[in-house]
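This report refers to the structure that appears directly beneath it.
The values are calculated or read from the model by the stated rules, or taken from the named source; none is laboratory data. Values in this document were obtained by computation on a predicted structure and should not be read as measured data. Every residue, glycine among them, receives a Cβ derived from its backbone with ideal geometry; neighbour counts consider all protein chains shown.
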Amino acid sequence: MSVFDGLKFRNISSPIHKIDPRAKFIYVCVLFVISVLFNQILPLLIIFLLQIPLVIIAKVKREWLRLIRGSIFFAIIIFAMNILSLYFYSGQQSLGSIMEYALAMTLRFIVLVESFSIFFLTTSPDMLGLSLEQIGVPYEFCFAFITAIRFVPVLAEEAQTIIDAQRSRGLELEGGNFIKRIRNYIPILIPLIVNAIRRSLEMAEAMESRAWGASKKRTNIYTLKMSGRDYAFILISIIMLLISIYTWLFIKIPSILMS
Amino acid sequence: MAIIETRNLTYIYPFTEKPAFESVNLSIGRGEFVLLTGPSGCGKTTLCRCLNGLIPHFYGGKLEGEIIVAGLKPSEHPIYKMAQHVGMVFQNPENQLFALTVEKDVAFGLENLGLPRDEIRRRVNWALKVTGIYDLKDKAPFELSGGQQQRVAIASVLAMQPEIIVLDEPTSFLDPLSAKNILETVHQLSRDLKITVILIEHRLDLAARYANRVIVMKDGHIVLDDEPRRAFLDEKIRLIGIGIPKVVKLYFLLREDSVDIGGVPLSPEEASKLIEGVLISDRG
Amino acid sequence: MGQNGAGKTTLVKHFNGLLKPTKGRVLIDGIDTRNVSVATLSRKVGFVFQNPDHQLFSETVEDEIFFALKNFGFDERVISERVDWALNLLDLTQYRKTSPFMLSGGERKRVALASVLAWDPKILILDEPTIGQDNYQKERLRQFIIQMNQQGKTVIIVTHDIEFVVECEPRVVLMANGKIIADGEAKKILTDPELINRSSLVLPEITQVFLRLNDFGFPSNVINIYEAKRLILERLSGGVSK
C-alpha cells in the first residue's frame with residue numbers, strides 16, 4: 001500500500017461514506033478556514049484530535065495513517081523552514097516562541113492533510129462527479145473529471161507495462177548522470193503519451209456512437225439528495241466554525257511551550 | 001426495402017491518396033445477419049464507420065457516392081442522430097466503458113439523449129436482462145472480465161434501441177470461450193429482437209454459422225457477397241487468404257478424394273452430422 | 001495456455017527477470033534470475049510484448065531496431081549488419097526510414113518483433129502474438145516461429161488461440177488459477193475435455209467433430225485435418241483402420 005492510498009476512495013460502507021459529498025466538502029472548507037485562523041498549537045491540536053473519531057467511524061484508519069506517516073517528511077521540512085526563517089528574519093524572538101510557531105505551522109499542515117484524506121477516502125469519484133454536476137458544473141468537465149479518475153489505475157498499469165517492455169530491450173533506468181537518466185525516460189514517455197492519445201480517440205468514437213451531445217439537457221439517472229444527516233453534518237461544521245471565530249476574536253489562547 | 005443501401009461508395013482518409021474503399025455497392029435488408037470479413041486493411045472497418053456517420057463527421061476525408069442507412073443519409077445528420085439507429089460495439093472493451101457502474105454505463109447513451117429518468121431505468125433494466133448481466137448492475141465495469149465488458153457494451157448499445165447493430169471484431173481481446181458466448185448471445189438477440197447485425201470478424205470458425213450472408217472485402221473492394229455455404233464454395237475465397245474454418249477445409253480435402261459429405265459445414269456439429277451420414281450410408 | 005488471469009504472462013515475466021519469484025528459483029542457462037539484472041537476462045531472453053505500441057517510440061523503424069542493440073553494447077558495425085538483417089527477415093526494408101507510428105497494426109507488430117530478434121536471443125517469448133491478426137498474418141507468424149525454432153531457438157508463446165496452436169503442434173503447458181495443470185503434447189492436452197474445461201478454453205474444431213463421432217470408433221484425440229481426412233477415408237474404404 002502506498003502513501004497515496006490515503007487519498008484514494010475506499011469502497012466500504014460507513015456513516016461517513018454515506019454523507020453527501022457536498023456536506024463533506026463544506027466540512028473540509030470549514031476546517032481549512034479554522035486551521036488558517038489559528039497560529040497557536042492548542043486549537044490546532046484540538047482540531048486534529050477532533051477528527052480522529054471521524055477516521056475511526058469511517059473505518060479508514062490504516063490508509064489514513066499511511067498518508068499521515070507519509071506526510072511527516074513534508075511536515076519536517078515545514079518545521080525546519082519555519083524555524084530557520086523565524087530565527088534569521090524575526091530578530092528578537094525567543095527560541096521558545098519560534099518553536100511554538102513552527103510546531104503550529106506543521107500542525108496546520110497535518111490538519112489539512114487529515115481533512116482532505118477523510119474527504120477523499122470516503123467519497124467515491126462517482127458521487128463526486130455527480131455532486132459537481134448538481135452544483136452546476138458543465139457536464140463536459142464532470143465527465144472529464146470522472147474519466148481522469150477512472151483511468152488513473154489503467155494508465156499506471158500501462159506505464160508499468162511500458163517500463164517492463166523497454167527494460168526487456170536493455171533499457172537501464174537506474175544509474176547514469178542526471179541528463180542520461182532523463183533521456184532514459186523518453187522511451188517510456190513517448191509510448192505512454194501516444195497510447196493515451198490513441199485511447200482518447202477510441203473513446204471519443206465510442207462516445208459519439210452513443211449519442212454524445214444529443215441533448216442540451218442531459219438526464220442523470222442518479223441524483224444526490226441531502227438528507228437530515230447531511231444537514232446535521234453541515235450544521236455541526238458551521239457551529240465549529242462559529243465557535244472558532246468566537247474563540248479567535250475573544251479568547252486568549254495560552255501557549256504551550258512558554259511558561 | 002433495404003435498411004442499408006450504398007451506391008458507388010468511395011472514401012479517402014484525409015492526407016491519403018489511396019481510397020480506403022472504392023465503388024462499394026451494398027444492399028442489406030432488415031433483420032439480416034451479415035458477416036463482413038477480409039484481410040487487414042481491406043476497408044471493412046472503414047466501411048462500417050460510414051454507417052453511423054463517424055465518416056465523414058468524425059474522420060473528415062472525402063466520401064463520394066450514396067449511402068442511406070435506416071432511411072437517412074449519414075452525411076446530412078449529426079452522429080448523435082444516426083447513433084439512435086445504428087449502434088456500434090468496438091474492439092477494445094476498455095475504451096468504450098465510461099461510467100463507474102455498469103448500470104450508469106448502459107444508461108450513458110440514453111442520458112445523452114435527455115430521456116426521462118423512468119424511461120431510462122426501464123430500458124436499462126431491459127438491456128441488462130436481455131444480455132444476461134442484470135446482476136452485474138452495480139459493479140464497476142473495469143473490474144469485469146473481457147467477455148462481461150463486451151456484454152456491457154452491447155447492452156448500452158441495445159438500450160438505445162437501434163435498428164442496426166455493428167460489431168467491429170468484438171472478440172479480438174476475448175478468450176475462445178467468451179468469444180463463443182458473446183457471438184451466441186448476439187445471434188440470439190438478433191433473432192429475438194429482429195435487429196440487423198453487421199459483424200466484422202476474422203474468426204469465421206465461430207461466426208460463419210450465425211450469418212445468413214458473408215461479405216468479403218479485399219483492397220477496398222467487395223469481392224464476394226453470398227450466403228456462407230455458397231461463399232465458401234467459391235474459388236475466390238481461397239485465394240483471398242482469410243481464415244476458412246477447418247471444417248470447411250476438411251470438406252474440401254475429402255472432396256479432393258471424391259468423398260462428398262453432402263454440404264459445406266459451418267460448425268463442428270454440422271460437420272460431424274454430415275460425416276456421420278456418409279459413414280452410415282457407406283455401411284448400409 | 002490458459003484463461004485470461006490464469007497466470008501465464010506473470011509466469012513468463014519471470015524468465016527475463018521482470019518478476020522475481022517469491023519462493024523457489026528461476027534458472028536461465030543455469031543462472032539464478034535473482035542475481036542478475038533484467039538487461040543482462042534480456043540479452044538471452046527476448047520478450048515480445050502483446051501490444052507493440054508499448055514499445056515503439058523512435059523516429060524511424062531503423063532507430064527502433066537500433067535501440068536494443070545499442071543498449072546491449074553491440075559494436076557499431078555489428079549493429080548495422082543486424083539492423084539490415086532484421087529488417088530483411090521481417091520484410092520491413094522498405095519501411096526503414098518510415099516512422100513506426102505511420103505503419104499499420106500488423107506492420108507495427110513486425111517492427112516490434114524485428115527489434116527483439118535483432119539481438120538474436122536464444123530464447124524468444126511471444127505474448128499473445130495472434131490477437132487482432134488476420135489469417136495471412138497468422139500464417140506468416142506460424143512459419144516464422146517454426147523457422148526460429150528450427151534454427152535452434154527456444155520459443156515460448158503465451159496464447160489462447162487454440163487453432164493457431166493446433167497448426168504448430170508444440171509442447172503445451174496448460175495453466176489454470178495460477179497452477180500448471182498439464183504439460184505435454186498438444187495432441188494429448190488440447191483434446192482432453194476435462195482439461196479444456198478447467199482452463200476455460202475450447203476444444204479444437206476438428207477434435208469437436210471427432211468427439212461426436214466416437215460411436216464410430218474414431219479416436220478422440222484428433223486435431224489435424226489431414227489426419228482427420230485419413231481416418232475418414234480409411235473407414236470408408238472399409239476395414240483398414242483398427
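So, in segment B:99-119, how many residues would count as being at the interface with chain A (Cβ under 8 Å from one of its Cβ atoms) and free of Cβ contacts under 8 Å to residues at least 24 places away in the same chain?
6
Does A:Arg199 satisfy the condition of being among the basic types (Lys, Arg), assigned to a loop (DSSP other than H, G, I, E, B) and facing another protein chain (nearest Cβ under 9 Å)?
no
What's the total number of residues in segment B:203-242 that are out of contact with any strand residue (DSSP E or B) (no Cβ under 8 Å at 6 or more places or on another chain) and assigned to a loop (DSSP other than H, G, I, E, B)?
The total comes to 3.
Which members of segment C:90-111 meet the condition of being in contact with a Leu (Cβ under 8 Å, 6 or more places away or on another chain) and either of a type outside the set (Val, Ile, Thr) or in contact (Cβ under 8 Å) with a residue 60 or more places away in the chain (or both)?
C:Leu90, C:Tyr95, C:Arg96, C:Pro100, C:Phe101, C:Glu107, C:Arg108, C:Arg110
Restricting attention to segment B:110-133, and to residues there that are among the polar types (S, T, N, Q) and more than 23 Å from the chain's Cα centre (by Cα), which single residue is surrounded by the most Cβ atoms within 10 Å (Cβ to Cβ)?
If we take residues in segment B:110-133 being among the polar types (S, T, N, Q) and more than 23 Å from the chain's Cα centre (by Cα), then B:Asn112 is surrounded by the most Cβ atoms within 10 Å (Cβ to Cβ).
In segment B:164-190, what count of residues is obtained for those that are more than 19 Å from A:Glu205 (Cα to Cα), out of contact with any Gly (no Cβ under 9 Å at 6 or more places or on another chain) and surrounded by fewer than 21 Cβ atoms within 10 Å (Cβ to Cβ)?
Here the count works out to 5.
Have a look at B:Leu279, B:Leu204, B:Leu253, B:Leu274 and point out the one that is over 30 Å from B:Asn95 (Cα atoms), surrounded by 15 or more Cβ atoms within 10 Å (Cβ to Cβ), touching a Pro at 6+ places or on another chain (Cβ under 6 Å) and modelled with pLDDT under 95.
From the options B:Leu279, B:Leu204, B:Leu253, B:Leu274, the qualifying one is B:Leu274.
Please find, among A:Glu158, A:Glu205, the residue that is of a type in the set (Asp, Glu), buried (at least 17 other Cβ atoms within 10 Å of the Cβ), touching a residue at least 12 places away in the same chain (Cβ under 8 Å) and not in a loop (DSSP other than H, G, I, E, B).
When all the criteria are applied, what remains is A:Glu158.
Inspect segment B:24-37 for any residue being part of a loop (DSSP other than H, G, I, E, B), touching a residue at least 12 places away in the same chain (Cβ under 8 Å) and facing another protein chain (nearest Cβ under 8 Å) and give the result as yes or no.
No, every residue in segment B:24-37 fails to be part of a loop (DSSP other than H, G, I, E, B), touching a residue at least 12 places away in the same chain (Cβ under 8 Å) and facing another protein chain (nearest Cβ under 8 Å).
When you look at C:Val111, is it under 17 Å from A:Pro187 (Cα atoms) and among the β-branched types (Val, Ile, Thr), yes or no?
The answer is yes for C:Val111.
Would you confirm whether any residue within segment A:21-41 is part of a loop (DSSP other than H, G, I, E, B) and either at pLDDT 85 or above or surrounded by fewer than 17 Cβ atoms within 10 Å (Cβ to Cβ) (or both)?
There is at least one residue in segment A:21-41 that is part of a loop (DSSP other than H, G, I, E, B) and either at pLDDT 85 or above or surrounded by fewer than 17 Cβ atoms within 10 Å (Cβ to Cβ) (or both).
Counting just the residues of segment C:92-122 that are basic (Lys, Arg) and not in a helix (DSSP H, G or I), which one comes out farthest from B:Gly41 (Cα to Cα)?
Checking each candidate, the answer is C:Lys122.
Might you check whether a residue that is at pLDDT 90 or above and either assigned to a strand (DSSP E or B) or touching a His at 6+ places or on another chain (Cβ under 8 Å) (or both) occurs anywhere in segment C:138-155?
Checked against the condition, which is being at pLDDT 90 or above and either assigned to a strand (DSSP E or B) or touching a His at 6+ places or on another chain (Cβ under 8 Å) (or both), segment C:138-155 yields at least one hit.
Do any residues in segment B:1-18 that are outside the structural domain of B:Lys44 (by TED's automatic domain parsing) and in contact (Cβ under 8 Å) with a residue 12 or more places away in the chain have Cβ atoms under 8 Å from those of residues that are exposed (fewer than 13 other Cβ atoms within 10 Å of the Cβ) and among the hydrophobic types (A, V, I, L, M, F, W, C), where the two are at least six apart or on different chains, and which pairs are they?
none
Working only within segment B:22-35, note down all residues that are in contact with a Ser or Thr (Cβ under 9 Å, 6 or more places away or on another chain) and either farther than 11 Å from B:Asn212 by Cα or not aromatic (Phe, Trp, Tyr) (or both).
B:Glu22, B:Ser23, B:Val24, B:Asn25, B:Leu26, B:Ser27, B:Ile28, B:Gly29, B:Arg30, B:Gly31, B:Glu32, B:Val34, listed by residue number.
Going through segment B:217-248 one residue at a time, which ones are surrounded by fewer than 24 Cβ atoms within 10 Å (Cβ to Cβ), more than 23 Å from B:Ile275 (Cβ to Cβ) and either away from every other protein chain (no Cβ under 11 Å) or among the hydroxyl-bearing types (Ser, Thr, Tyr) (or both)?
B:Asp219, B:Gly220, B:His221, B:Ile222, B:Val223, B:Leu224, B:Asp225, B:Asp226, B:Glu235, B:Lys236, B:Leu239
Select from segment A:133-177 the residues that are hydroxyl-bearing (Ser, Thr, Tyr) and within 10 Å of chain C (Cβ to nearest Cβ) and write down the one among them that is farthest from the chain's Cα centre (by Cα).
Looking at the filtered set, the residue picked out is A:Ser168.
Could you please give the count of residues in segment A:94-123 that are more than 13 Å from the chain's Cα centre (by Cα) and not charged (D, E, K, R)?
13
Would segment C:54-71 turn up any residue that is surrounded by 22 or more Cβ atoms within 10 Å (Cβ to Cβ), away from every other protein chain (no Cβ under 11 Å) and among the hydrophobic types (A, V, I, L, M, F, W, C)?
yes
Taking the conditions exactly as written (in a helix (DSSP H, G or I), crowded, with 17+ Cβ neighbours inside 10 Å and more than 7 Å from chain C (Cβ to nearest Cβ)), does B:Leu266 satisfy them or not?
Against the criterion (in a helix (DSSP H, G or I), crowded, with 17+ Cβ neighbours inside 10 Å and more than 7 Å from chain C (Cβ to nearest Cβ)), B:Leu266 does not qualify.
C:Leu11 fails exactly one of the following numbered conditions: (1) within 12 Å of chain A (Cβ to nearest Cβ); (2) in a helix (DSSP H, G or I). What is the number of that condition?
(1)
Can you tell me which residue is farthest from C:Ile145 (Cα to Cα) among those in segment C:72-86 that are more than 9 Å from every other protein chain (Cβ to nearest Cβ) and in contact (Cβ under 8 Å) with a residue 12 or more places away in the chain?
In this case the residue turns out to be C:Phe74.
What number of residues in segment B:50-93 are part of a strand (DSSP E or B) and farther than 14 Å from A:Ser209 by Cα?
9
Could you say whether any residue in segment B:157-166 is in a helix (DSSP H, G or I) and free of Cβ contacts under 8 Å to residues at least 60 places away in the same chain?
No, that holds for no residue.
State all residues of segment A:173-187 that are among the hydrophobic types (A, V, I, L, M, F, W, C) and assigned to a loop (DSSP other than H, G, I, E, B); if no residue qualifies, say none.
Result: A:Leu173, single match.
Please determine whether any residue of segment A:215-223 is in a loop (DSSP other than H, G, I, E, B), in contact (Cβ under 8 Å) with a residue 40 or more places away in the chain and exposed (fewer than 14 other Cβ atoms within 10 Å of the Cβ).
yes
Name the one entry in C:Val12, C:Val48 that is in contact with a Leu (Cβ under 7 Å, 6 or more places away or on another chain) and at negative phi.
From the options C:Val12, C:Val48, the qualifying one is C:Val48.
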